[in-house]
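Novice: A single structure is presented below for examination.
The values are calculated or read from the model by the stated rules, or taken from the named source; none is laboratory data. As the structure is a computational prediction, the values presented were derived from the model and not from experiment. Backbone-built Cβ (ideal geometry, glycine too); neighbour counts: all protein chains shown.
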Amino acid sequence: MTPRLMFCAPASGGGKTTVICAVLRALLRRGLRPMACKSGPDYIDPMFHSRVLGAQSCNLDLFFFSHATARSLLARCAAQADVTVLEGAMGYYDGISMGTDASAYDLASATETPAVLVVDGRGRALSAAAEVRGFQSFRQPSRIAGVILNRVSPMLYPRLAETISRETRLPVLGYLPVMDDCAIESRHLGLVTAAEIDDLQQKLDRMADQAEQSVDLDGLLELARKAPPLKAEPLSLVPVAGRPRIAVARDKAFCFYYEASLQVLRDLGAELVEFSPLEDGELPAHIQGLYLGGGYPELYAEQLSENAEMRQSVLDAVTGGLPTIAECGGFLYLHKTLQDASGMPWPMAGVLDAEAYPTGKLSRFGYVTLTAEKDSLLFRQGETMPAHEFHYWDSTAPGTDFTARKPQSARQWQAGVGTDSLYAGFPHFHLASKPETARRFLEAALAFGAET
(Lines give C-alpha, C1' and ligand atoms only; values in the text may rest on other atoms or scores of the structure.)
Protein backbone atom coordinates (compact mmCIF):
# COMPACT_ATOMS: atom_id res chain seq x y z
CA MET A 1 0.00 0.00 0.00
CA THR A 2 1.02 3.62 -0.59
CA PRO A 3 -0.95 5.85 1.82
CA ARG A 4 -1.41 9.23 0.17
CA LEU A 5 -3.78 12.15 -0.18
CA MET A 6 -3.88 15.49 -2.00
CA PHE A 7 -4.73 18.88 -0.56
CA CYS A 8 -6.38 21.05 -3.21
CA ALA A 9 -8.44 24.24 -3.27
CA PRO A 10 -11.01 26.10 -5.38
CA ALA A 11 -8.40 28.76 -6.25
CA SER A 12 -4.93 30.04 -5.46
CA GLY A 13 -4.58 32.02 -2.24
CA GLY A 14 -6.87 29.79 -0.18
CA GLY A 15 -4.17 28.71 2.25
CA LYS A 16 -3.24 25.23 0.95
CA THR A 17 0.45 25.65 1.79
CA THR A 18 -0.34 26.80 5.33
CA VAL A 19 -2.68 23.85 5.94
CA ILE A 20 -0.23 21.35 4.47
CA CYS A 21 2.72 22.65 6.47
CA ALA A 22 0.65 22.54 9.67
CA VAL A 23 -0.51 18.98 8.99
CA LEU A 24 2.93 17.73 7.94
CA ARG A 25 4.51 19.17 11.07
CA ALA A 26 1.80 17.66 13.27
CA LEU A 27 2.23 14.23 11.66
CA LEU A 28 5.99 14.48 12.14
CA ARG A 29 5.46 15.17 15.83
CA ARG A 30 3.46 11.95 16.05
CA GLY A 31 6.56 10.03 15.08
CA LEU A 32 5.38 9.37 11.52
CA ARG A 33 7.48 9.85 8.38
CA PRO A 34 5.41 12.05 6.07
CA MET A 35 6.70 13.11 2.64
CA ALA A 36 5.36 15.79 0.33
CA CYS A 37 4.94 16.41 -3.40
CA LYS A 38 3.79 19.47 -5.34
CA SER A 39 1.55 19.47 -8.38
CA GLY A 40 2.81 21.76 -11.13
CA PRO A 41 6.08 23.62 -11.77
CA ASP A 42 6.24 25.75 -8.61
CA TYR A 43 9.62 25.84 -6.84
CA ILE A 44 8.73 27.69 -3.65
CA ASP A 45 6.08 25.52 -1.99
CA PRO A 46 8.39 22.45 -2.03
CA MET A 47 10.99 24.53 -0.14
CA PHE A 48 8.46 24.96 2.67
CA HIS A 49 7.64 21.25 2.60
CA SER A 50 11.35 20.48 2.90
CA ARG A 51 11.84 22.88 5.81
CA VAL A 52 8.95 21.24 7.65
CA LEU A 53 10.17 17.68 7.05
CA GLY A 54 13.93 18.00 6.85
CA ALA A 55 13.64 15.99 3.63
CA GLN A 56 13.34 17.00 0.00
CA SER A 57 9.95 17.45 -1.61
CA CYS A 58 9.17 16.45 -5.21
CA ASN A 59 7.37 18.18 -8.10
CA LEU A 60 4.87 16.10 -10.06
CA ASP A 61 3.95 17.97 -13.24
CA LEU A 62 1.81 16.36 -15.92
CA PHE A 63 2.90 18.85 -18.56
CA PHE A 64 6.50 17.83 -17.96
CA PHE A 65 5.82 14.13 -17.41
CA SER A 66 3.77 11.26 -18.71
CA HIS A 67 1.38 9.71 -16.20
CA ALA A 68 3.79 6.77 -15.88
CA THR A 69 6.75 9.02 -15.04
CA ALA A 70 4.70 10.96 -12.48
CA ARG A 71 3.66 7.70 -10.81
CA SER A 72 7.30 6.55 -10.78
CA LEU A 73 8.46 9.74 -9.08
CA LEU A 74 5.60 9.57 -6.59
CA ALA A 75 6.40 5.94 -5.79
CA ARG A 76 10.05 6.81 -5.19
CA CYS A 77 9.06 9.60 -2.81
CA ALA A 78 6.41 7.49 -1.07
CA ALA A 79 8.81 4.58 -0.52
CA GLN A 80 10.51 6.70 2.17
CA ALA A 81 7.26 7.61 3.93
CA ASP A 82 4.42 6.41 6.13
CA VAL A 83 2.12 8.82 4.31
CA THR A 84 2.62 11.11 1.30
CA VAL A 85 0.84 14.45 0.97
CA LEU A 86 0.42 16.06 -2.45
CA GLU A 87 -0.25 19.79 -2.78
CA GLY A 88 -2.37 20.86 -5.74
CA ALA A 89 -1.59 23.96 -7.81
CA MET A 90 -4.03 26.82 -8.45
CA GLY A 91 -7.67 25.73 -8.45
CA TYR A 92 -8.31 21.99 -8.42
CA TYR A 93 -9.50 21.80 -12.04
CA ASP A 94 -7.20 24.53 -13.44
CA GLY A 95 -4.97 23.03 -16.12
CA ILE A 96 -3.60 24.09 -19.48
CA SER A 97 -5.67 26.75 -21.21
CA MET A 98 -9.27 26.20 -20.07
CA GLY A 99 -8.94 22.45 -19.64
CA THR A 100 -7.96 20.03 -16.89
CA ASP A 101 -4.75 18.72 -18.52
CA ALA A 102 -1.84 19.05 -16.04
CA SER A 103 -4.21 20.21 -13.28
CA ALA A 104 -4.26 18.98 -9.69
CA TYR A 105 -7.37 16.99 -10.65
CA ASP A 106 -5.43 15.40 -13.51
CA LEU A 107 -2.67 14.37 -11.09
CA ALA A 108 -5.14 13.02 -8.52
CA SER A 109 -6.76 10.96 -11.27
CA ALA A 110 -3.46 9.71 -12.74
CA THR A 111 -2.25 8.57 -9.31
CA GLU A 112 -5.65 7.54 -7.88
CA THR A 113 -5.10 9.84 -4.90
CA PRO A 114 -7.96 10.92 -2.60
CA ALA A 115 -8.30 14.72 -2.53
CA VAL A 116 -9.13 17.00 0.40
CA LEU A 117 -10.62 20.34 -0.64
CA VAL A 118 -9.26 23.27 1.42
CA VAL A 119 -12.05 25.86 1.52
CA ASP A 120 -11.58 29.45 2.65
CA GLY A 121 -14.43 30.00 5.10
CA ARG A 122 -14.21 33.77 5.40
CA GLY A 123 -17.33 35.77 4.60
CA ARG A 124 -19.64 32.87 3.77
CA ALA A 125 -22.03 30.36 5.25
CA LEU A 126 -24.26 28.06 3.16
CA SER A 127 -22.40 29.24 0.05
CA ALA A 128 -19.40 27.23 1.24
CA ALA A 129 -21.47 24.06 0.88
CA ALA A 130 -22.56 25.14 -2.61
CA GLU A 131 -18.93 25.62 -3.62
CA VAL A 132 -17.92 22.20 -2.29
CA ARG A 133 -20.85 20.50 -4.02
CA GLY A 134 -19.97 22.23 -7.27
CA PHE A 135 -16.40 20.91 -7.15
CA GLN A 136 -17.65 17.50 -6.05
CA SER A 137 -19.99 17.11 -9.04
CA PHE A 138 -18.05 18.94 -11.77
CA ARG A 139 -16.17 15.81 -12.91
CA GLN A 140 -16.83 12.15 -12.13
CA PRO A 141 -15.11 10.70 -10.27
CA SER A 142 -13.97 13.96 -8.69
CA ARG A 143 -11.59 12.18 -6.27
CA ILE A 144 -12.69 14.72 -3.62
CA ALA A 145 -13.09 12.70 -0.44
CA GLY A 146 -13.01 15.31 2.32
CA VAL A 147 -12.94 18.99 3.25
CA ILE A 148 -10.81 21.18 5.52
CA LEU A 149 -11.91 24.71 6.34
CA ASN A 150 -9.34 27.50 6.55
CA ARG A 151 -9.62 30.92 8.21
CA VAL A 152 -12.75 29.92 10.15
CA SER A 153 -13.49 30.92 13.73
CA PRO A 154 -13.86 28.19 16.36
CA MET A 155 -17.38 29.47 17.03
CA LEU A 156 -18.54 29.17 13.41
CA TYR A 157 -16.78 25.90 12.57
CA PRO A 158 -19.21 23.34 14.09
CA ARG A 159 -22.26 24.79 12.33
CA LEU A 160 -20.46 25.29 9.02
CA ALA A 161 -18.93 21.79 9.10
CA GLU A 162 -22.32 20.20 9.86
CA THR A 163 -23.93 22.13 6.99
CA ILE A 164 -21.27 21.11 4.46
CA SER A 165 -21.42 17.46 5.56
CA ARG A 166 -25.22 17.43 5.33
CA GLU A 167 -25.28 19.03 1.87
CA THR A 168 -22.39 17.08 0.31
CA ARG A 169 -22.10 13.85 2.36
CA LEU A 170 -18.37 14.54 2.60
CA PRO A 171 -16.50 14.46 5.92
CA VAL A 172 -15.22 17.81 7.15
CA LEU A 173 -11.86 17.00 8.70
CA GLY A 174 -11.18 20.09 10.76
CA TYR A 175 -10.17 23.69 10.36
CA LEU A 176 -7.53 26.32 10.93
CA PRO A 177 -8.47 29.76 12.23
CA VAL A 178 -6.97 33.02 11.01
CA MET A 179 -3.34 32.96 12.23
CA ASP A 180 -1.88 36.40 11.56
CA ASP A 181 1.27 35.59 13.52
CA CYS A 182 2.00 32.77 11.04
CA ALA A 183 1.47 34.76 7.85
CA ILE A 184 4.07 34.28 5.13
CA GLU A 185 4.95 37.23 2.89
CA SER A 186 4.67 37.22 -0.89
CA ARG A 187 6.71 38.76 -3.68
CA HIS A 188 6.66 38.79 -7.48
CA LEU A 189 7.36 35.06 -7.95
CA GLY A 190 5.00 33.98 -5.16
CA LEU A 191 5.80 33.43 -1.51
CA VAL A 192 9.16 34.48 -0.13
CA THR A 193 11.40 31.43 0.09
CA ALA A 194 11.57 29.35 3.25
CA ALA A 195 15.25 30.24 3.78
CA GLU A 196 14.37 33.94 4.07
CA ILE A 197 12.02 33.59 7.07
CA ASP A 198 14.08 33.84 10.25
CA ASP A 199 11.36 32.53 12.57
CA LEU A 200 9.97 29.90 10.20
CA GLN A 201 10.44 26.99 12.60
CA GLN A 202 8.59 28.84 15.35
CA LYS A 203 5.75 29.61 12.94
CA LEU A 204 5.60 25.98 11.86
CA ASP A 205 5.40 24.87 15.48
CA ARG A 206 2.52 27.27 16.18
CA MET A 207 0.73 26.00 13.06
CA ALA A 208 1.25 22.39 14.18
CA ASP A 209 -0.03 23.23 17.68
CA GLN A 210 -3.22 24.48 16.07
CA ALA A 211 -3.53 21.51 13.70
CA GLU A 212 -3.26 19.11 16.62
CA GLN A 213 -6.19 20.90 18.27
CA SER A 214 -8.53 21.50 15.34
CA VAL A 215 -7.65 19.14 12.45
CA ASP A 216 -8.77 15.50 12.40
CA LEU A 217 -5.34 13.98 11.79
CA ASP A 218 -6.65 10.45 12.36
CA GLY A 219 -9.35 11.04 9.77
CA LEU A 220 -6.78 12.28 7.26
CA LEU A 221 -4.59 9.22 7.85
CA GLU A 222 -7.58 6.91 7.46
CA LEU A 223 -8.43 8.61 4.17
CA ALA A 224 -4.82 8.31 2.96
CA ARG A 225 -4.81 4.57 3.73
CA LYS A 226 -7.84 4.10 1.48
CA ALA A 227 -5.78 5.00 -1.60
CA PRO A 228 -5.36 1.94 -3.83
CA PRO A 229 -1.89 0.45 -4.49
CA LEU A 230 0.14 2.76 -6.72
CA LYS A 231 0.74 1.29 -10.19
CA ALA A 232 4.28 2.43 -10.97
CA GLU A 233 7.45 1.21 -12.64
CA PRO A 234 10.85 2.68 -11.66
CA LEU A 235 12.63 5.00 -14.07
CA SER A 236 15.27 3.15 -16.06
CA LEU A 237 18.51 5.15 -15.99
CA VAL A 238 21.88 3.66 -16.98
CA PRO A 239 24.84 5.57 -15.48
CA VAL A 240 27.44 7.18 -17.71
CA ALA A 241 30.95 5.71 -17.84
CA GLY A 242 32.46 7.90 -15.16
CA ARG A 243 31.63 10.18 -12.24
CA PRO A 244 31.48 13.76 -13.56
CA ARG A 245 31.78 16.47 -10.91
CA ILE A 246 29.07 19.10 -11.44
CA ALA A 247 29.00 22.44 -9.61
CA VAL A 248 25.46 23.51 -8.61
CA ALA A 249 24.86 27.15 -7.61
CA ARG A 250 22.80 27.16 -4.41
CA ASP A 251 22.16 30.12 -2.13
CA LYS A 252 19.49 32.80 -1.63
CA ALA A 253 19.99 34.09 -5.19
CA PHE A 254 19.93 30.66 -6.87
CA CYS A 255 17.53 28.26 -5.22
CA PHE A 256 15.04 27.08 -7.86
CA TYR A 257 15.77 23.44 -8.61
CA TYR A 258 13.56 20.41 -9.07
CA GLU A 259 14.99 17.88 -6.64
CA ALA A 260 13.99 14.92 -8.80
CA SER A 261 15.77 16.61 -11.71
CA LEU A 262 18.98 16.79 -9.69
CA GLN A 263 18.41 13.18 -8.67
CA VAL A 264 18.41 12.19 -12.34
CA LEU A 265 21.94 13.59 -12.59
CA ARG A 266 22.97 11.61 -9.49
CA ASP A 267 21.34 8.44 -10.79
CA LEU A 268 23.29 8.84 -14.02
CA GLY A 269 26.51 8.99 -12.03
CA ALA A 270 27.14 12.67 -11.32
CA GLU A 271 28.71 14.05 -8.16
CA LEU A 272 26.91 17.33 -7.37
CA VAL A 273 28.95 19.97 -5.54
CA GLU A 274 27.06 23.00 -4.23
CA PHE A 275 28.58 26.48 -4.13
CA SER A 276 27.42 30.06 -3.59
CA PRO A 277 27.89 32.78 -6.23
CA LEU A 278 27.07 35.23 -3.44
CA GLU A 279 29.62 34.07 -0.87
CA ASP A 280 32.32 31.92 -2.48
CA GLY A 281 35.39 33.35 -4.19
CA GLU A 282 35.55 30.95 -7.11
CA LEU A 283 33.97 27.85 -8.59
CA PRO A 284 34.68 24.52 -6.83
CA ALA A 285 37.89 22.79 -7.87
CA HIS A 286 38.08 20.03 -10.48
CA ILE A 287 34.55 20.47 -11.81
CA GLN A 288 33.54 19.19 -15.23
CA GLY A 289 30.14 20.89 -15.50
CA LEU A 290 28.15 23.81 -14.10
CA TYR A 291 24.44 24.17 -13.28
CA LEU A 292 23.16 27.69 -12.60
CA GLY A 293 19.51 27.34 -11.59
CA GLY A 294 16.77 29.90 -11.25
CA GLY A 295 16.03 32.11 -8.28
CA TYR A 296 16.22 35.77 -7.36
CA PRO A 297 19.52 37.19 -8.65
CA GLU A 298 17.73 40.51 -9.28
CA LEU A 299 17.25 40.91 -5.51
CA TYR A 300 20.96 40.33 -4.89
CA ALA A 301 22.38 42.05 -7.96
CA GLU A 302 24.67 44.37 -5.99
CA GLN A 303 26.11 41.56 -3.85
CA LEU A 304 26.58 39.30 -6.89
CA SER A 305 28.30 42.13 -8.73
CA GLU A 306 30.60 42.91 -5.81
CA ASN A 307 31.85 39.31 -5.85
CA ALA A 308 34.12 40.05 -8.82
CA GLU A 309 36.29 36.98 -8.21
CA MET A 310 33.33 34.64 -8.68
CA ARG A 311 32.10 36.52 -11.73
CA GLN A 312 35.55 36.16 -13.32
CA SER A 313 35.73 32.50 -12.35
CA VAL A 314 32.41 31.81 -14.07
CA LEU A 315 33.35 33.86 -17.13
CA ASP A 316 36.64 32.01 -17.56
CA ALA A 317 35.03 28.60 -17.05
CA VAL A 318 32.03 29.02 -19.34
CA THR A 319 33.92 30.76 -22.16
CA GLY A 320 36.57 28.06 -21.75
CA GLY A 321 34.03 25.42 -22.75
CA LEU A 322 32.83 24.12 -19.36
CA PRO A 323 29.48 22.39 -20.08
CA THR A 324 26.88 24.66 -18.49
CA ILE A 325 23.12 24.78 -17.91
CA ALA A 326 21.84 28.26 -16.94
CA GLU A 327 18.08 28.54 -16.38
CA CYS A 328 16.26 31.84 -15.91
CA GLY A 329 18.08 33.35 -12.89
CA GLY A 330 21.26 31.58 -13.96
CA PHE A 331 20.73 32.98 -17.46
CA LEU A 332 20.46 36.51 -15.99
CA TYR A 333 23.73 35.98 -14.11
CA LEU A 334 25.56 35.24 -17.36
CA HIS A 335 24.55 38.65 -18.79
CA LYS A 336 26.87 41.62 -19.10
CA THR A 337 24.67 43.59 -16.69
CA LEU A 338 21.62 42.96 -14.52
CA GLN A 339 19.43 45.86 -13.44
CA ASP A 340 17.96 45.76 -9.95
CA ALA A 341 14.36 46.76 -9.23
CA SER A 342 15.29 50.46 -9.26
CA GLY A 343 16.85 50.18 -12.72
CA MET A 344 20.46 50.34 -11.51
CA PRO A 345 22.64 48.14 -13.77
CA TRP A 346 25.18 45.87 -12.05
CA PRO A 347 27.99 44.00 -13.84
CA MET A 348 27.45 40.25 -13.97
CA ALA A 349 29.56 37.39 -15.34
CA GLY A 350 29.60 38.81 -18.87
CA VAL A 351 29.38 35.53 -20.75
CA LEU A 352 26.51 36.90 -22.84
CA ASP A 353 26.69 40.29 -24.53
CA ALA A 354 23.27 41.33 -23.26
CA GLU A 355 21.58 43.38 -20.55
CA ALA A 356 18.82 42.21 -18.22
CA TYR A 357 16.15 44.61 -17.00
CA PRO A 358 12.85 44.65 -15.06
CA THR A 359 9.59 44.83 -17.00
CA GLY A 360 7.18 45.32 -14.10
CA LYS A 361 5.05 42.41 -15.26
CA LEU A 362 5.20 38.72 -16.04
CA SER A 363 6.95 38.14 -19.36
CA ARG A 364 6.08 35.15 -21.57
CA PHE A 365 4.49 33.36 -18.62
CA GLY A 366 3.54 29.68 -18.44
CA TYR A 367 4.12 26.30 -20.03
CA VAL A 368 5.91 26.09 -23.37
CA THR A 369 7.30 23.40 -25.62
CA LEU A 370 10.85 24.13 -26.77
CA THR A 371 11.96 23.01 -30.22
CA ALA A 372 15.69 23.05 -30.93
CA GLU A 373 16.63 24.95 -34.07
CA LYS A 374 20.09 23.32 -34.17
CA ASP A 375 22.26 20.74 -32.42
CA SER A 376 23.60 21.89 -29.05
CA LEU A 377 24.77 20.66 -25.64
CA LEU A 378 21.43 19.15 -24.56
CA PHE A 379 19.34 18.86 -27.72
CA ARG A 380 19.49 17.74 -31.32
CA GLN A 381 17.89 19.81 -34.05
CA GLY A 382 14.13 19.33 -34.13
CA GLU A 383 13.88 17.76 -30.68
CA THR A 384 11.29 19.10 -28.28
CA MET A 385 11.24 19.61 -24.51
CA PRO A 386 8.41 20.65 -22.17
CA ALA A 387 9.40 23.75 -20.22
CA HIS A 388 8.06 26.65 -18.17
CA GLU A 389 8.72 30.40 -18.09
CA PHE A 390 7.99 32.68 -15.12
CA HIS A 391 9.96 35.93 -14.91
CA TYR A 392 9.49 39.66 -14.35
CA TRP A 393 12.91 40.51 -15.84
CA ASP A 394 13.74 40.36 -19.54
CA SER A 395 16.84 40.46 -21.72
CA THR A 396 18.01 42.53 -24.66
CA ALA A 397 19.02 39.19 -26.21
CA PRO A 398 16.79 36.34 -24.89
CA GLY A 399 18.22 33.95 -27.52
CA THR A 400 17.13 32.51 -30.86
CA ASP A 401 18.31 28.89 -30.78
CA PHE A 402 14.93 27.46 -29.71
CA THR A 403 11.32 28.10 -30.61
CA ALA A 404 9.00 28.24 -27.62
CA ARG A 405 5.36 27.42 -28.34
CA LYS A 406 2.44 27.80 -25.97
CA PRO A 407 0.37 24.60 -25.63
CA GLN A 408 -3.01 24.63 -27.37
CA SER A 409 -2.16 28.04 -28.87
CA ALA A 410 -0.62 29.54 -31.98
CA ARG A 411 1.59 31.84 -29.90
CA GLN A 412 5.34 31.28 -30.20
CA TRP A 413 8.64 33.13 -29.81
CA GLN A 414 12.38 32.58 -30.06
CA ALA A 415 14.19 31.71 -26.84
CA GLY A 416 17.45 30.45 -25.42
CA VAL A 417 21.09 30.13 -26.34
CA GLY A 418 22.35 26.70 -27.34
CA THR A 419 25.97 25.92 -28.18
CA ASP A 420 28.11 22.79 -27.96
CA SER A 421 28.82 23.60 -24.31
CA LEU A 422 25.97 25.85 -23.14
CA TYR A 423 22.23 25.96 -22.60
CA ALA A 424 21.14 29.39 -21.32
CA GLY A 425 17.63 30.83 -21.38
CA PHE A 426 14.54 31.80 -19.47
CA PRO A 427 12.75 28.43 -19.88
CA HIS A 428 13.10 25.99 -16.98
CA PHE A 429 12.77 22.27 -17.62
CA HIS A 430 12.83 19.01 -15.69
CA LEU A 431 15.48 16.46 -16.63
CA ALA A 432 13.22 13.55 -15.66
CA SER A 433 10.95 14.46 -18.56
CA LYS A 434 13.75 13.74 -21.05
CA PRO A 435 16.64 11.96 -19.30
CA GLU A 436 18.72 11.82 -22.50
CA THR A 437 19.33 15.57 -22.10
CA ALA A 438 20.88 14.91 -18.69
CA ARG A 439 22.99 12.11 -20.18
CA ARG A 440 24.30 14.42 -22.93
CA PHE A 441 25.20 17.02 -20.31
CA LEU A 442 27.17 14.49 -18.27
CA GLU A 443 28.84 12.93 -21.30
CA ALA A 444 29.96 16.42 -22.39
CA ALA A 445 31.24 16.99 -18.86
CA LEU A 446 33.29 13.78 -18.97
CA ALA A 447 34.70 14.75 -22.37
CA PHE A 448 35.61 18.20 -21.05
CA GLY A 449 37.35 16.65 -18.07
CA ALA A 450 39.31 14.32 -20.30
CA GLU A 451 40.48 17.24 -22.46
CA THR A 452 41.51 19.41 -19.53
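Novice: Which fully enclosed helices (runs of 4 or more DSSP H) of region 257-374 have 1 or more residues being within 20 Å of G449 (Cα to Cα)? Spell out how you get there, then give the answer.
Specialist: Working: elements: 259-267, 301-306, 308-319, 329-333.
Answer list for region 257-374: 259-267, 308-319.
Novice: Also, quick follow-up: Take region 379-403 and flag every residue that is over 23 Å from Q339 (Cβ atoms) and touching a Phe, Trp or Tyr at 6+ places or on another chain (Cβ under 7 Å). Reasoning before the result, please.
Specialist: First, pick out the residues of region 379-403 that are over 23 Å from Q339 (Cβ atoms): 379-388, 401-403.
Result: M385, P386, A387, H388.
Novice: Mind checking which residues of region 380-410 are free of Cβ contacts under 8 Å to residues at least 60 places away in the same chain, outside any strand (DSSP E or B) and crowded, with 17+ Cβ neighbours inside 10 Å?
Specialist: P398, G399, D401, K406
Novice: Exactly one of (1) surrounded by 18 or more Cβ atoms within 10 Å (Cβ to Cβ); (2) free of Cβ contacts under 8 Å to residues at least 40 places away in the same chain; (3) hydrophobic (A, V, I, L, M, F, W, C) is unmet by A308. Its number?
Specialist: (1)
Novice: Now a separate question. Return only the number of the condition from (1) of a type in the set (A, V, I, L, M); (2) in contact with a strand residue (DSSP E or B) (Cβ under 7 Å, 6 or more places away or on another chain); (3) outside any strand (DSSP E or B) that V85 does not satisfy.
Specialist: Here V85 clears every test but (3).
Novice: Tell me, which residue of region 79-103 that is closer than 30 Å to A26 by Cα and among the polar types (S, T, N, Q) is surrounded by the fewest Cβ atoms within 10 Å (Cβ to Cβ)? Lay out the reasoning, then the answer.
Specialist: At the first step, the residues of region 79-103 found to be closer than 30 Å to A26 by Cα are 79-94, 102-103.
Among the residues that remain, those that are also among the polar types (S, T, N, Q) are: 80, 84, 103.
Numbers: Q80: 12, T84: 27, S103: 25.
Here the answer is Q80.
Novice: Starting from residues that are in a strand (DSSP E or B) and in contact with a Phe, Trp or Tyr (Cβ under 9 Å, 6 or more places away or on another chain), keep the ones in region 46-82 and report whichever is modelled with the lowest pLDDT. Steps first, answer last, please.
Specialist: So the first thing to find is which residues in region 46-82 are in a strand (DSSP E or B), and the list is 58-60.
If we keep only those that are in contact with a Phe, Trp or Tyr (Cβ under 9 Å, 6 or more places away or on another chain) as well, we get 58-59.
Details: C58: 89, N59: 93.
If we take residues in region 46-82 being in a strand (DSSP E or B) and in contact with a Phe, Trp or Tyr (Cβ under 9 Å, 6 or more places away or on another chain), then C58 is modelled with the lowest pLDDT.
So that you can scan it fast, the table gives a plain yes or no per residue for (1) over 21 Å from the mean Cα position of the chain (by Cα); (2) among the hydroxyl-bearing types (S, T, Y):
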{"position": "P347", "(1), (2)": "yes, no"}
{"position": "L370", "(1), (2)": "no, no"}
{"position": "F379", "(1), (2)": "yes, no"}
{"position": "G382", "(1), (2)": "yes, no"}
{"position": "Y392", "(1), (2)": "no, yes"}
{"position": "A410", "(1), (2)": "yes, no"}
{"position": "Q414", "(1), (2)": "yes, no"}
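Novice: Checking D218 against (1) over 22 Å from A444 (Cβ atoms); (2) crowded, with 17+ Cβ neighbours inside 10 Å: exactly one of these is not met. Which one?
Specialist: Result: D218 passes all but (2).
Novice: If you scan region 86-126, which residues turn out to be farther than 29 Å from E233 by Cβ, in contact with a Gly (Cβ under 6 Å, 6 or more places away or on another chain) and aliphatic (A, V, I, L, M)?
Specialist: V118, the sole residue that qualifies.
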